[in-house]
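These notes concern the structure reproduced below.
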Amino acid sequence: MPTDLTPVDESLAEALSAERERQRETLTLIASENHASEAVLRAQGSVLTNNYAEGRPGERYYAGCTHADEVEWLARERAKRLFDTVHANVQPHSGTQANLAAYEALLEPGDSILSLELTSGGHLSHGHDATAVATHYEVEHYHVEPETGRLDYEAVAERARETNPDLLVSGYSAYPRRVDWERMQAIAEGVDAVHVADIAHLTGLVAADIYPSPVGVADVVTCSTHKTIRSGRGGAIMASEEYAAAVDRAVFPGLQGGPLLHNVAGKAAGFYEALQPEFEAYASQTVENATALGEHLDGRGFDLVSGGTDVHFVLVDFQQSHPDLTGQRAEDILEDAGIVCNKSAVPGDPRKSTVTSGVRLGTPAITTRGFDADATRRLADAIADVLDSPEDESVRADASGTVADLCTEFPVYE
Ligand SMILES: Cc1ncc(COP(=O)(O)O)c(C=O)c1O
């Protein structure tokens, strides 16, 4: 596909083609990334990039929206089936936009939010100081227990009573365990707050029914569409009847103009794939691979935040086992060996967020390539070898060899 551009724009064609090669020849362990199917890529690269379709299907502010309507209906109806929800809005441009729209729908400026702090596994869009969320709302945080890396629901309830928020956020970027959504809803109700569950990371696991769903429990559920579900970049919001109209108004005209309909088409294509029976097997294998990865690294002497995982990634904490190794250095040397992951703060991390003391290793993309637990353990050995000998280039060269073998055995974008 990218090569079609060559006659018109050689530089761009080269960059796109090189990126496709990079994805073929390296192993992506970034927990928030995946490899979308050719069908999703085609939908996203379609003529719908040309359309303006402000409004909602059947109620547009522009002419020429007949087919845009069909596409958005498909995405919306498929989201409703996947998440068993009465209302879905598939227009948010991203997970962050979905969260902003949820806040806009449920809060007044100056209201207060209680959310998990970043180094405990929260997300910027849950109210980090550097974001517009913190400009528009008062933000307080709760934390995971530093010793266990887990949520202590009694402590969250206590924090809620102390801070009396208008809105409680659950759902996280780097929390490897199950969340008790009912408990979080009860905590919110206990202080008369609304509850937004952000399943950005868990979208595919929830859609496949292998992780408990907050839909029907939390007041509003937000997600992104490109992590454990492979529907191309974007966001979506699920809401009860009570909040449906407010959510729709918050997305448009509250925060966005015309929807990115080519991305909505990608969502429709990816949601269709997620409704097929094979998707459950994919999602289960993703978690099985993360478990295998964690157990193998644990066996090689690495510490995992919370001792393991229930989801699609593990969070490795170097502080005790490899005190001189930073998340940044680990990210760099693993990338040298063709293993692409991201540094991550760990609970109570004393290092800056640009350095950190850990890495997050996710299995959605390697599982899309067809990895099983055995292949994942081979990769885990290569990761452990590189991290145990950060200065040894020959170890890195051996790991690169393993990566090349695995990429050949489990190809993507052939
Ligand atoms: C919990 C959570 N919410 C929201 C987002 C934001 O998603 P996006 O990058 O699509 O804005 C992320 C991204 O990683 C996330 O982890």
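The values are calculated or read from the model by the stated rules, or taken from the named source; none is laboratory data. Keep in mind that what you see is a predicted model, and the values were worked out from it rather than measured. Note: ideal-geometry Cβ built from the backbone for every residue, glycine included; neighbour counts use all protein chains shown. Accessible surface areas use protein heavy atoms only, side chains included; no ligands, DNA or RNA. Shrake-Rupley method; radii C 1.70, N 1.55, O 1.52, S 1.80 Å.
Structure notes:
- Karplus-based coupling profile of the range 369-376, in residue order and whole Hz: 6, x, 4, 10, 5, 5, 4, 5, with θ = phi - 60° in 6.51 cos²θ - 1.76 cosθ + 1.60 and x standing for Gly or Pro.
- At a probe radius of 1.4 angstrom, the accessible area of the range 42-274 per residue rounds to 40 square angstrom.
- Length released on extending from Leu41 to Ser321, taking residue separation times 0.36 nm less the Cα-Cα span: 96.7 nm
- Comparing Pro390, Pro277, Pro212 in a Gaussian network model of the chain, where Cα atoms under 10 Å apart are tied by springs, the biggest mean-square fluctuation is seen for Pro277.
- Relative contact order of the range 116-248, taken over Cα pairs closer than 8 Å and 6 or more residues apart, is 17 percent.
- Relative to the current alpha-carbon distance between Ala281 and Leu5, full extension at 0.36 nm per residue lengthens the span by 95.7 nm.
- Relative to the globular-protein estimate of 2.2 N^0.38 Å, the Cα radius of gyration of the chain stands at 0.98.
- In the context of the full set of protein chains, the range 277-409 has a per residue accessible area of 38 Å² (1.4 Å probe).
- Protein accessible area in the chain, 1.4 Å probe - carbon and sulfur %: 47 percent
- 19 Å Cα-Cα reach of Lys352 towards lysines, excluding residues that sit fewer than 8 places from it in its own chain: Lys343
- Spatially proximal lysines relative to Lys267 (Cα-Cα < 26 Å; intrachain offsets below 8 disregarded): Lys80, Lys227
- Geometric descriptor of the range 277-409, per residue, is 94 Å³ (volume of the convex hull of the Cα atoms).
- 3J(HN,Hα) along the range 335-348, derived from phi through the Karplus expression 6.51 cos²θ - 1.76 cosθ + 1.60 where θ = phi - 60°, amounts to 4, 4, 8, x, 10, 9, 9, 10, 4, 8, 5, 10, x, x Hz, with x in place of Gly and Pro.
- Each label was represented as a point 7 Å from its Cα along the Cα-to-Cβ direction; for Asp111 and Glu414 these points are 5.2 nm apart.
- Amide hydrogen neighbours beyond the local backbone of Arg150, cut-off 5 Å, H modeled: Glu145
- Between Arg378 and Glu288, residue separation times 0.36 nm minus the direct Cα-Cα distance comes to 31.0 nm.
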